[in-house]
Amino acid sequence: MENVRKNSGMIKAVTAVIFVSAALYAFGNTLIYTLINYVIDAFSLKGTAEGIMSSLLSAGMMIAQLSSPSLQGRIRKFSMIGIACLIQGVALLVCGIAAGPVLFGAGSFVLGLGCGWLDGYMNSIIIDLYPENSARPMLTLHALYGVGSLLTPVIVKLLLPGMGWRGPYFLVASFLIALTVIVFLLKKRTESTGALKTAAEEPLKMADIGRYLKKRRTVLLLLVSMLSGALGQTGILTWIVRYMTVTFDAESLGTTCITLFWVFATVNRLVVPNIKVKPMKMIVGGSFIFAAAVFIGVLSHNPVVMAVAVSVCGLCSGHFYPMLFMEAAEGYKGSTTMTTAVMQFVMGIGRVVIPLIAAFVSSISNASVGMILPGFTVLAGAVIGLIVLSDSRKEEIKGRMDNE
């Protein structure tokens, strides 16, 4: 009984550390977007080079997600949390001291590696530690990321007068390095108690990934994650400022829309665990509401209505990512590193292409067409989600008939 209490205490401690790492990850990941104008001015970037630092960060994240399955069972998950925090801390220090764009770009890419590994392993460990009911801790994890993303611009604005644009990089780096020390100290204690046995995994083989990707359910879930998650949410967030500026000359309202989206997405992640509905049904229902909100907002041609629509999009889609990770991991206990990494990589592709697609569509038509595009992608995701639900229903009926 004493050992059970110790293990329970260790699991709570590990969960708390992961929650803190999620908030710090949000700060580190959001700094480049918050300080992009200062970075552009500091290094005299021009043209397409103005967006290269953000692209390098995304590229690093995708490389990390692509490499994660090969690490499964070879490096312990909690160790990877510490390694990822350390990588981010060092990368932020490099960005802070960089005298030129090449070193800053290298730091951004390495920061992306750390962010990608941390993101994947945080989700994977939480699913493993709470196999019976991971909805609440998973949504709390993503809510804390949302809170970090919301607070970063506010805190940076307060720090800029006294620290300059490089100061926040040093500050977040120091917190991440301190968290690294805590992770490895806690790791020693968990090893002595065996509290993280449920997170242990067997080394992954390429054949395992092949079998996973050949399953109909896997393909359908990846399509939902691409259409409803990456293309839908990222499409709204990356295009709303441009749409508001070009259509209504209301750039500040466009920026406010991003804040509103994250506020309501965070509310969603705190409330959804109390709703007793299956995750896939929540994803499908949220997708239909999301699509309707986008259509109403754009077709109204009213900036206030559009702002309300973006708020609704956040409120009905905050649960998409955590619940999709849970759905992808169903039936793959001991291989959640693989399931989260594959889904993150697919989402990463979507996040890279949707701004380009929206810009291209807008260039040959107008900004409203680019803005309404996420509504169609999420609607397609909802339809595919209905197919997943139908397949699950058929399997349940078949299972009952077999038992009878």
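The values are calculated or read from the model by the stated rules, or taken from the named source; none is laboratory data. Since this is a predicted model, take the numbers as computed values, not measurements. As a convention, Cβ positions derive from the backbone with ideal geometry for all residues, glycine included, and neighbour counts pool all protein chains shown.
Residues in region 223-239 that are of a type in the set (A, V, I, L, M, F, W, C) and touching a Leu at 6+ places or on another chain (Cβ under 9 Å): V224, L227, L231, W239. Sub-9 Å Cβ pairs linking a first residue in region 312-337 that is not assigned by TED's automatic domain parsing to the domain that holds L66 to a second residue that is of a type in the set (D, E) and part of a helix (DSSP H, G or I), at least 6 apart or interchain, are A329/D128; K333/D128; G334/D128; S335/D208; T336/D128, ordered by first then second residue.
Quickly run through region 126-162 and pick out the residues that are over 30 Å from A329 (Cα atoms), surrounded by fewer than 21 Cβ atoms within 10 Å (Cβ to Cβ) and more than 20 Å from the chain's Cα centre (by Cα). So that I can check it myself, show each step before the final result.
To start, the set of residues in region 126-162 that are over 30 Å from A329 (Cα atoms) comprises 151-162.
Adding the requirement that they be surrounded by fewer than 21 Cβ atoms within 10 Å (Cβ to Cβ) leaves 151, 153-155, 157-162.
Scanning region 126-162 gives V154, I155, K157, L158, L159, L160, P161, G162.
Starting from region 241-255, take each residue that is over 14 Å from S368 (Cα atoms) and list its partners that are at pLDDT below 85 and part of a helix (DSSP H, G or I), counting only C-beta distances under 7 angstrom and pairs at least six apart or across chains. Correct list of pairs: E251/V241; E251/T245; T255/V241. The number of residues in region 140-189 being free of Cβ contacts under 8 Å to residues at least 40 places away in the same chain and not in a helix (DSSP H, G or I) comes to 1. Only a single item in (1) of a type outside the set (F, W, Y); (2) farther than 19 Å from A329 by Cα; (3) surrounded by fewer than 17 Cβ atoms within 10 Å (Cβ to Cβ) is not met by A84, and it is number (3).
Can you give me the number of residues within region 64-113 that are among the β-branched types (V, I, T), within 30 Å of K205 (Cα to Cα) and at pLDDT 90 or above? Please lay out each step first, then the result.
At the first step, the residues of region 64-113 found to be among the β-branched types (V, I, T) are 75, 81, 83, 87, 90, 94, 97, 102, 110.
From the residues that got through so far, the ones that are within 30 Å of K205 (Cα to Cα) too are 75, 81, 83, 87, 110.
Okay, now just the ones that are also at pLDDT 90 or above, so 81, 83, 87, 110.
Residues meeting the conditions: 4.
Does any residue of region 360-370 turn out to be touching a residue at least 24 places away in the same chain (Cβ under 8 Å), surrounded by fewer than 23 Cβ atoms within 10 Å (Cβ to Cβ) and hydrophobic (A, V, I, L, M, F, W, C)? For region 360-370, residues touching a residue at least 24 places away in the same chain (Cβ under 8 Å), surrounded by fewer than 23 Cβ atoms within 10 Å (Cβ to Cβ) and hydrophobic (A, V, I, L, M, F, W, C): present.
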